[in-house]
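Right, one structure below, let's go through it.
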Amino acid sequence: MHVNTANMRRFLPLIFCLLALCLAACGGDSNATNTTTKADAGKQVFHHAISGISDIATFDPALAGDGPSTSAINMTFSGLVQLDDRLQVYGQLAQSWEQSPDGLTWTFKLKPNLTFSDGSPLTSEDVVWSIDRAFDPALKSTTAPFYLGLIKDGIKRSNGKVATLINDSLFAPDPTTVKIVITQKAPYFLQALTYTSSWVVEKKLIEKYGNQKFMNHLNEGGGAGPWIVASYIHGTQITFVPNPHYAGKKPQLGKVIFYFYKDAPTTFKAYQVGQTDDAPVPTANIESAKSLPQKQLHITPALTISYYAMNYLIKPFNNIKVRQAFALSIDKEKIAHNIRKDTVFATNHIIPQGQLGYNTQLLGPDGVTSTRGDAQKAKQLFAEGLKEENMTPSSLPKLSFTVATNGSPDAKNEFQAVQQMWKAVLGVDVTLNDLDFNQRNQVIGAAQDNSNGPIMWQSGWGQTILIPRTGLICSWIIRTVAINLTMLITSLRMYHRNNRHRN
């Protein structure tokens with residue numbers, strides 16, 4: 001058994017889901033762009049707010065595991081395939097693909113005359129090199145083994161047991177053909193390739209600057225996405241301009257600037273004074289946001305969850321009854337209504353409704369159907385679990401709960417409410433360990449196979465959202481700006497690494 005955020009993003013028993021709220025400085029919706037008059041060239045600039053962090057964690061497609069990083073990477077890089085706004089796979093660099101009769105070999109034909117953003121040719125060798133690089137143990141990617149673990153010998157590559165996957169399971173028989181061999185028939189392998197782990201990076205840029213520093217030189221090339229990084233001022237902003245060599249439909253905006261704001265209230269204020277063209281809406285400001293003119297408030301479903309995870313290598317969370325007790329101590333309905341002001345809804349489902357694999361029959365821990373928890377059953381399971389571990393409440397280790405509120409009153413109130421529920425139902429004191437967003441991700445990333453890691457933490461997962469790369473501002477923001485207002489408690493056992501999927 002081991003603990004890993006990747007696993008927990010697949011095997012999740014209790015979920016809070018899921019409305020996304022954002023403000024957009026334009027009217028209409030994504031279907032209205034054809035009737036919207038395009039602004040003058042000098043005004044075709046979109047100022048996008050990234051709230052709650054001071055910088056993205058990474059610009060490397062092989063390493064991205066969080067929403068802000070993925071948003072920036074999606075602007076600059078491309079892969080073989082991608083998802084459209086209906087979650088259907090379409091070709092990005094690939095113009096076609098086919099699966100062998102036994103289902104174990106996927107063959108992709110690339111679009112003709114592909115180039116990187118610096119104009120250098122992009123061939124099948126670049127594709128297989130990039131995927132092989134993602135498994136390089138020196139890179140320490142947690143996403144590649146998860147999303148791309150079906151690739152033959154991929155796990156061995158990430159463990160250092162094989163030197164390369166090229167000409168083993170990754171082949172480039174000619175400049176426009178890519179062949180990938182997988183270990184078992186899996187129709188969802190195409191969907192797995194839509195995550196950034198398999199996206200193409202320019203080898204010569206990495207060879208010139210190295211894995212750590214090439215991300216500071218993306219103005220020189222590096223990707224094949226619709227945008228080029230014109231400038232990157234760490235901790236302040238990232239400026240993107242259109243990539244003239246992009247193989248798809250050209251972006252219609254002249255410039256996109258990502259700004260970093262410390263928290264949602266600050267971002268909301270920046271929007272009100274015109275410093276940014278979008279902003280998340282704190283629950284305290286929802287009513288006032290509804291009164292804004294020109295349909296600026298957009299409320300739309302989001303395929304997102306967040307969850308509370310427990311380290312299975314540390315007692316008492318090695319006992320499933322204890323994990324179930326912590327889950328059933330929480331009244332999710334109270335959090336959804338009293339704290340999140342009905343911007344979320346409570347559910348026992350493992351993934352959001354509307355996403356592939358949604359299971360209408362899923363129950364909560366120990367077969368509980370209610371989303372209000374079950375205090376009596378929680379107390380019973382807690383006592384039984386402690387007894388099985390030869391423990392008592394007084395012998396429990398110090399319990400800390402690692403979170404990242406990032407200045408959000410909503411998040412702070414949620415975590416404090418759950419903290420109080422655990423105390424009221426189970427009689428345990430849990431300390432909140434509030435970290436910076438990127439710091440929290442680093443801490444929980446080190447939890448795998450680590451009995452000295454964090455004992456309990458909060459994290460989240462969201463369906464990768466594709467930016468409509470040719471749309472005007474209205475459609476762009478409606479489909480990319482989303483606030484994760486979801487929460488859940490994990491209580492299922494983790495599966496062995498070789499059986500996992502990835503966040």
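The values are calculated or read from the model by the stated rules, or taken from the named source; none is laboratory data. Being a predicted model, the structure only gives us computed values, none of them experimental. Methodologically, a virtual Cβ is constructed for each residue, glycine included, from the backbone with ideal geometry; neighbour enumeration extends over all protein chains shown. For accessibility, only protein heavy atoms count, side chains too; no ligands or nucleic acids. Shrake-Rupley method; radii C 1.70, N 1.55, O 1.52, S 1.80 Å.
Looking at region 116-128 only, could you name the residues that are open to solvent by less than 10 Å² (accessible area, probe 1.4 Å) and assigned to a strand (DSSP E or B)?
Hits for region 116-128: nothing passes.
In region 10-69, which residue that is among the small types (Gly, Ala, Ser) and modelled with pLDDT under 50 is surrounded by the fewest Cβ atoms within 10 Å (Cβ to Cβ)?
Gly27
Conditions (1) touching a Lys or Arg at 6+ places or on another chain (Cβ under 6 Å); (2) aliphatic (A, V, I, L, M); (3) surrounded by fewer than 16 Cβ atoms within 10 Å (Cβ to Cβ), marked per residue:
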{"site": "Asp84", "(1), (2), (3)": "no, no, yes"}
{"site": "Val89", "(1), (2), (3)": "no, yes, no"}
{"site": "Gln92", "(1), (2), (3)": "no, no, no"}
{"site": "Leu104", "(1), (2), (3)": "no, yes, no"}
{"site": "Lys111", "(1), (2), (3)": "no, no, yes"}
{"site": "Leu114", "(1), (2), (3)": "no, yes, no"}
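Quick one: would you say Ile131 is open to solvent by less than 30 Å² (accessible area, probe 1.4 Å), touching a Ser or Thr at 6+ places or on another chain (Cβ under 7 Å), among the aliphatic types (A, V, I, L, M) and in a helix (DSSP H, G or I)?
Against the criterion (open to solvent by less than 30 Å² (accessible area, probe 1.4 Å), touching a Ser or Thr at 6+ places or on another chain (Cβ under 7 Å), among the aliphatic types (A, V, I, L, M) and in a helix (DSSP H, G or I)), Ile131 qualifies.
Return the total of residues in region 206-215 being closer than 24 Å to Leu93 by Cα and open to solvent by 10 Å² or more (accessible area, probe 1.4 Å).
4
Based on what the data block shows, is Gln416 out of contact with any Phe, Trp or Tyr (no Cβ under 8 Å at 6 or more places or on another chain) and at pLDDT 90 or above?
Answer is yes for this residue.
Being modelled with pLDDT of 85 or more and of a type in the set (A, V, I, L, M, F, W, C) is the filter; apply it to region 426-466 and report the residue that is surrounded by the fewest Cβ atoms within 10 Å (Cβ to Cβ).
Leu432
I need a count of the residues in region 394-448 that are of a type outside the set (S, T, N, Q), assigned to a loop (DSSP other than H, G, I, E, B) and more than 27 Å from Glu333 (Cβ to Cβ).
7
Which condition number in (1) more than 30 Å from Ile350 (Cβ to Cβ); (2) touching a Cys at 6+ places or on another chain (Cβ under 8 Å); (3) open to solvent by 10 Å² or more (accessible area, probe 1.4 Å); (4) not hydroxyl-bearing (Ser, Thr, Tyr) is the one that Gln275 fails?
(2)
Answer yes or no as to whether Asn390 is at positive phi and either of a type in the set (Val, Ile, Thr) or free of Cβ contacts under 8 Å to residues at least 12 places away in the same chain (or both).
yes
Please state which of the following conditions Phe46 fails to meet, knowing it meets all the rest: (1) within 22 Å of Leu303 (Cα to Cα); (2) not in a loop (DSSP other than H, G, I, E, B).
(1) is the only condition that Phe46 fails.
Report yes if Asn413 is open to solvent by 50 Å² or more (accessible area, probe 1.4 Å), of a type outside the set (Asp, Glu), touching a residue at least 60 places away in the same chain (Cβ under 8 Å) and within 26 Å of Thr343 (Cβ to Cβ), otherwise no.
Working: open to solvent by 50 Å² or more (accessible area, probe 1.4 Å): yes; of a type outside the set (Asp, Glu): yes; touching a residue at least 60 places away in the same chain (Cβ under 8 Å): yes; within 26 Å of Thr343 (Cβ to Cβ): yes.
In short, yes.
The rows are residues; the columns are (1) farther than 18 Å from Gly119 by Cβ; (2) of a type in the set (Lys, Arg); (3) at pLDDT below 95.
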{"residue": "Leu193", "(1), (2), (3)": "yes, no, no"}
{"residue": "Ile206", "(1), (2), (3)": "no, no, no"}
{"residue": "Gly223", "(1), (2), (3)": "no, no, no"}
{"residue": "Ile228", "(1), (2), (3)": "no, no, no"}
{"residue": "Tyr232", "(1), (2), (3)": "yes, no, no"}
{"residue": "Lys249", "(1), (2), (3)": "yes, yes, yes"}
{"residue": "Leu253", "(1), (2), (3)": "yes, no, yes"}
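How many of the residues making up region 303-326 are more than 27 Å from the chain's Cα centre (by Cα) and either crowded, with 21+ Cβ neighbours inside 10 Å or over 16 Å from Phe401 (Cα atoms) (or both)?
5
So Gly149 ticks every box in (1) in a loop (DSSP other than H, G, I, E, B); (2) buried (at least 23 other Cβ atoms within 10 Å of the Cβ) but one. Which box is left unticked?
Result: Gly149 fails condition (2) only.
Residues of region 176-222 being in contact with a Ser or Thr (Cβ under 7 Å, 6 or more places away or on another chain), farther than 23 Å from Ala57 by Cα and among the polar types (S, T, N, Q), which ones?
Thr176, Thr177
State yes or no: is Ala230 closer than 22 Å to Asp132 by Cα, of a type in the set (A, V, I, L, M, F, W, C) and open to solvent by less than 60 Å² (accessible area, probe 1.4 Å)?
Considered against the rule, which asks whether it is closer than 22 Å to Asp132 by Cα, of a type in the set (A, V, I, L, M, F, W, C) and open to solvent by less than 60 Å² (accessible area, probe 1.4 Å), Ala230 comes out as no.
For region 353-366, which residues satisfy the criterion of being open to solvent by less than 60 Å² (accessible area, probe 1.4 Å), closer than 22 Å to Gln324 by Cβ and part of a loop (DSSP other than H, G, I, E, B)?
If the condition is that a residue be open to solvent by less than 60 Å² (accessible area, probe 1.4 Å), closer than 22 Å to Gln324 by Cβ and part of a loop (DSSP other than H, G, I, E, B), then Leu362, Gly364 are the ones that fit.
Could you tell me whether Gly385 is part of a loop (DSSP other than H, G, I, E, B) and either modelled with pLDDT under 90 or not β-branched (Val, Ile, Thr) (or both)? Can you show your working first?
Values: part of a loop (DSSP other than H, G, I, E, B): no; either modelled with pLDDT under 90 or not β-branched (Val, Ile, Thr) (or both): yes.
Here the answer is no, as Gly385 does not meet what is asked.
Considering each residue of region 327-352, count those that are free of Cβ contacts under 8 Å to residues at least 40 places away in the same chain and open to solvent by less than 20 Å² (accessible area, probe 1.4 Å), and give that number. Even if it seems obvious, please write down each step before you answer.
At the first step, the residues of region 327-352 found to be free of Cβ contacts under 8 Å to residues at least 40 places away in the same chain are 333, 337, 342.
Now drop any that are not open to solvent by less than 20 Å² (accessible area, probe 1.4 Å), which leaves none.
Total satisfying the criteria: 0.
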